[in-house]
């Protein structure tokens, strides 16, 4: 115990703000860890637990989408076809093509156009990736705005409001 305190006492004394000589070991550890650990960063600084949960599920391929459920052998899905009858219900189909969500999509595309009109001119795959993941092409504030639009679309679609499995 004394060895640890002597090693860390000088460099961390100013960060911790108290003398570490007479502190119990558990308090010393907690103060030390608080001073050296980075602050937790929510995904791009957004705080929307429900929206971020659905966004993460879409990223992982473990969402309510029929393609995801079919690939993961959910009993309630016999095929990956979307209920709109157009195509397989992929993430890209959900965000950009499904007729069931045309009204929500207009809001999404208007929001993206307000951020940067070039976003809506991207190829479908690239736009879908921008909606799901942080892009190194853009700064944090830009990515936050795109994620906010994605989450708003996901939540307004009500496609994920039911339980994932029955």
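Couple of notes before you dig in:
- A single member of 31, 60 is assigned by TED's automatic domain parsing to the domain that holds residue 129 and either at pLDDT below 90 or at negative phi (or both), and it is 60.
- Set side by side, the residues 129, 102, 121 differ, and just one is surrounded by 13 or more Cβ atoms within 10 Å (Cβ to Cβ) and without any contact (Cβ under 8 Å) to a residue 24 or more places away in the chain, which is 129.
- For the stretch 62-166, the helices (runs of 4 or more DSSP H) that sit wholly inside it and include 3 or more residues that are closer than 24 Å to residue 48 by Cβ are 102-115, 124-132, 140-157.
The values are calculated or read from the model by the stated rules, or taken from the named source; none is laboratory data. Predicted, not measured: the structure shown is a model, and the values here were computed from it. When we count neighbours, we look across all protein chains shown, and the Cβ atoms used for this are built from the backbone with ideal geometry, even at glycine.
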